[in-house]
Amino acid sequence: MTDEPNDAIRAVEAALFAAEDALTLNDIQQAVGPDIEVKAALETLAEHYAGRGIHLVERGKRWHFETAPDLAHILRREREEPRKLSRAATETLAIIAYHEPVSRAEIEAIRGVQISKGTLDVLMEAGWIRPAGRRETPGRPLIYATTPVFLQHFGLEHRRDLPGLDDLKAAGLLDPVDEAFESLELESAEGDD
Amino acid sequence: MTDEPNDAIRAVEAALFAAEDALTLNDIQQAVGPDIEVKAALETLAEHYAGRGIHLVERGKRWHFETAPDLAHILRREREEPRKLSRAATETLAIIAYHEPVSRAEIEAIRGVQISKGTLDVLMEAGWIRPAGRRETPGRPLIYATTPVFLQHFGLEHRRDLPGLDDLKAAGLLDPVDEAFESLELESAEGDD
Amino acid sequence: MNDLSIENFEDAPEIAESQRLTLDIDGWEGPLDLLLSLARSQKVDLREISILALVEQYLAFINDAKALKLEIAADYLVMAAWLAYLKSCLLLPREEQEDPSPEELALRLQLRLQRLNAMREAGARLMARNRIGRDVFLRGAPEGLRVIRKSQWQADFYDLISAYGQIKARTEPAVHVIAHRPVMTLEDALVRLERMIGTVPGWSTLKSFMPESADGGYRKSALASSFVAALELARMGKAQLRQEEAFEDLMVRAA
């Protein structure tokens, strides 16, 4: 059957398509005129659209077209956008990597600054940390550890490949920021001569 | 044939149904993913919907669903008609569409009157015309052309579908008066021999 | 034929008094538009139109308007004057005509009217098409296609370890060790200077009593302490001080 719809069906189809809200049987009848068997047209239409990308559905006695549920992903397409990790998140990640497993309170003690809830969320969203159980101390705080994705992203085979404190010191990475900054300034001032 | 659509067709159908604006091939491809033959799906869909209450149409390389024109009487009810364009605006729009790109002075030469300030504004506000650069003649006047929204609104697949465009061209009615005059003189001179 | 509308003059009584009515410019968009309306009333193809007849019509129309004491916009009058001229040229014998010929002018006018007419008809056909929102309708409530932006977090290895280094640097308890520096105390300088000036007769520079030392810091310290010691010895009446002028060597001798 090349089911060419009759005019009744076409009218109901168009009315539902153009409507800004879901329509009751009565709404549709008013739109298409009294001579049309709306109920029968709706049934035919629902059947016709059952296998298509759009379905005709009834919700609380109102009819409307909607995208087939299995195609919802088309409506909400995800796009990845590169974003640089904030300083707070980077520091938190570093503390977890060096001290894991570690609780939020411990991270704050090491950082000397509180961390916002969003910071751990971001790191979990990135797939770099995971909750790793609870510490058996009063309050049983959640503890965090890094993931294999973390090692992979930062090009590490094991956590023990993280440079130790001595290495950091040798690389000048333990100098307080402002001092390092001053020495930079000095260098550039000397460079001016 | 109970033409049950395949997943490619269903996806394109859903994307076009859900979209708030007409979609280009590229837009559709982005929505449904790279593995789908969009062009073929569009053709199948257009054919499928040809006899239904909703049509799939192409306007200026963009695709959208709209209700079948013969059902206008059902849907027009209770709807406000779009504001009627003034004669000046209608003529100006026609001149831009048939002569594009065209400068304000050229429009005025055809109409024999100055365009009031509001006329081009109204057409731009409707989204039907846009400035399309400047003509490289003394004074570098701004030139105007129509938009894809213009084609969409007036149900034109391409500019070449403008009603009577070919006849007007053949009759020389789109040539400036000077050109038309010269070619007439030439003809009559040849005729004299 | 002439749907001559007259501007409402109720709200402008003084103008009404002088019967200055205005030709409705909204009715015709300029003289060319009026000419086209008149031409179309000839009910022939515009290519066949009699320009002479058209000119007569136009002039008659303007005269009627004048008889009604309507104020006619200047461009209509300019066109009337030009058409009157054209008419007289068209009626003159051929030999007396100048360039451009009246036939050429008439033909150009005809071409303009044809072009305006073509666009008027094109506009009408355009407006008669199946238009969105009037004849065809788009989906009333589209779900919309949305792009959800998902962040792809980026940090490199250096960011990570330098962040850790900075935390450590920031939070490590700071221990300040003051380096031991060799100094000559004031007490030492007093004892030393008093003993040394006793051994040397006459004036000597203070500098000559300074110890030999490789350590510049120690030498500066010794000089400063010895200077204060010299002042102290002078105060106690054990030494005399003399300086020739500012920044000259300070001379010292036992009192």
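The values are calculated or read from the model by the stated rules, or taken from the named source; none is laboratory data. The structure displayed is predicted, hence computed values, not measured ones. All Cβ positions, glycine included, derive from the backbone under ideal geometry; neighbour counts span all protein chains shown.
Take residue C:178 and tell me if it is surrounded by 12 or more Cβ atoms within 10 Å (Cβ to Cβ) and free of Cβ contacts under 8 Å to residues at least 12 places away in the same chain. Against the criterion (surrounded by 12 or more Cβ atoms within 10 Å (Cβ to Cβ) and free of Cβ contacts under 8 Å to residues at least 12 places away in the same chain), residue C:178 does not qualify.
Residue-by-condition table, conditions (1) within 14 Å of chain A (Cβ to nearest Cβ); (2) of a type in the set (A, V, I, L, M, F, W, C); (3) over 30 Å from residue B:30 (Cβ atoms); (4) within 60 Å of the chain's Cα centre (by Cα):
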residue	(1), (2), (3), (4)
C:143	yes, no, no, yes
C:153	yes, yes, no, yes
C:159	yes, no, yes, yes
C:162	yes, no, yes, yes
C:190	no, yes, yes, no
C:215	no, no, yes, no
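Among the residues of segment C:133-173, those that are touching a helix residue (DSSP H, G or I) at 6+ places or on another chain (Cβ under 6 Å) and under 23 Å from residue A:67 (Cα atoms) comprise C:136, C:137, C:139, C:140, C:142, C:143, C:145.
Filter segment B:163-182 down to the residues that are small (Gly, Ala, Ser) and part of a helix (DSSP H, G or I), then identify the one that is farthest from the other protein chains (Cβ to nearest Cβ).
Only one residue tops the list, namely B:170.
Of the listed requirements (1) more than 10 Å from chain C (Cβ to nearest Cβ); (2) over 23 Å from residue B:66 (Cβ atoms); (3) within 17 Å of the chain's Cα centre (by Cα), residue B:160 misses just one: (2). The single condition among (1) surrounded by fewer than 17 Cβ atoms within 10 Å (Cβ to Cβ); (2) at pLDDT 85 or above that residue C:106 does not satisfy is (1).
Looking across segment B:97-107, just one residue is at the interface with another protein chain (Cβ under 10 Å from one of its Cβ atoms) and either outside any helix (DSSP H, G or I) or without any contact (Cβ under 8 Å) to a residue 60 or more places away in the chain (or both), and that is B:107.
Residues are listed down the side, and each one gets a yes or a no for (1) modelled with pLDDT under 90; (2) within 25 Å of residue B:173 (Cβ to Cβ); (3) among the small types (Gly, Ala, Ser):
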| residue | (1), (2), (3) |
| --- | --- |
| C:30 | yes, yes, yes |
| C:37 | yes, yes, yes |
| C:42 | yes, yes, no |
| C:50 | yes, yes, yes |
| C:63 | yes, no, no |
| C:70 | yes, no, no |
| C:82 | no, yes, no |
| C:100 | yes, yes, no |
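For segment A:38-85, the set of residues classified as at pLDDT below 90, over 25 Å from residue C:144 (Cβ atoms) and either within 14 Å of chain B (Cβ to nearest Cβ) or surrounded by 13 or more Cβ atoms within 10 Å (Cβ to Cβ) (or both) consists of A:84, A:85, listed by residue number.
Considered as a group, the residues in segment B:26-36 that are surrounded by 15 or more Cβ atoms within 10 Å (Cβ to Cβ) and over 17 Å from residue A:52 (Cβ atoms) include one that is nearest to the chain's Cα centre (by Cα), and that residue is B:27. Counted as qualifying within segment A:47-94 are the strands (runs of 3 or more DSSP E) with 3 or more residues that are within 15 Å of residue A:17 (Cα to Cα), namely A:54-59, A:62-67. Just one of (1) facing chain C (nearest Cβ under 8 Å); (2) modelled with pLDDT of 90 or more fails for residue A:155. It is (2). Among residues of segment C:66-78 that are loosely packed, with under 15 Cβ neighbours inside 10 Å, those with a Cβ under 8 angstrom from a residue that is part of a helix (DSSP H, G or I), sequence gap 6+ or separate chain, pair up as C:77/C:62; C:78/C:31. Just one of the listed residues (C:120, C:115, C:125) is closer than 19 Å to residue B:95 by Cβ, in contact with a Pro (Cβ under 7 Å, 6 or more places away or on another chain) and more than 9 Å from chain A (Cβ to nearest Cβ), and it is C:125.
Name the single residue, out of those in segment B:133-162 being out of contact with any strand residue (DSSP E or B) (no Cβ under 9 Å at 6 or more places or on another chain) and either assigned to a strand (DSSP E or B) or charged (D, E, K, R) (or both), that is farthest from residue C:138 (Cα to Cα). The qualifying residue farthest from residue C:138 (Cα to Cα) is B:136.
If the condition is being crowded, with 17+ Cβ neighbours inside 10 Å and either in contact (Cβ under 8 Å) with a residue 12 or more places away in the chain or closer than 30 Å to residue A:20 by Cα (or both), then segment C:141-157 contributes C:142, C:143, C:145. If you go through segment A:53-98 and keep only what is over 29 Å from the mean Cα position of the chain (by Cα) and not aliphatic (A, V, I, L, M), you end up with A:58, A:59, A:60, A:61, A:62, A:63, A:64. Residues considered: C:160, C:116. Of these, the only one that is in contact (Cβ under 8 Å) with a residue 24 or more places away in the chain and in a helix (DSSP H, G or I) is C:116. Consider residue B:116 carefully, then state whether it is surrounded by fewer than 18 Cβ atoms within 10 Å (Cβ to Cβ), free of Cβ contacts under 8 Å to residues at least 60 places away in the same chain, more than 22 Å from residue B:148 (Cα to Cα) and hydroxyl-bearing (Ser, Thr, Tyr). Against the criterion (surrounded by fewer than 18 Cβ atoms within 10 Å (Cβ to Cβ), free of Cβ contacts under 8 Å to residues at least 60 places away in the same chain, more than 22 Å from residue B:148 (Cα to Cα) and hydroxyl-bearing (Ser, Thr, Tyr)), residue B:116 qualifies.
Among all positions in segment A:168-179, there is no residue which is among the small types (Gly, Ala, Ser) and at pLDDT 80 or above.
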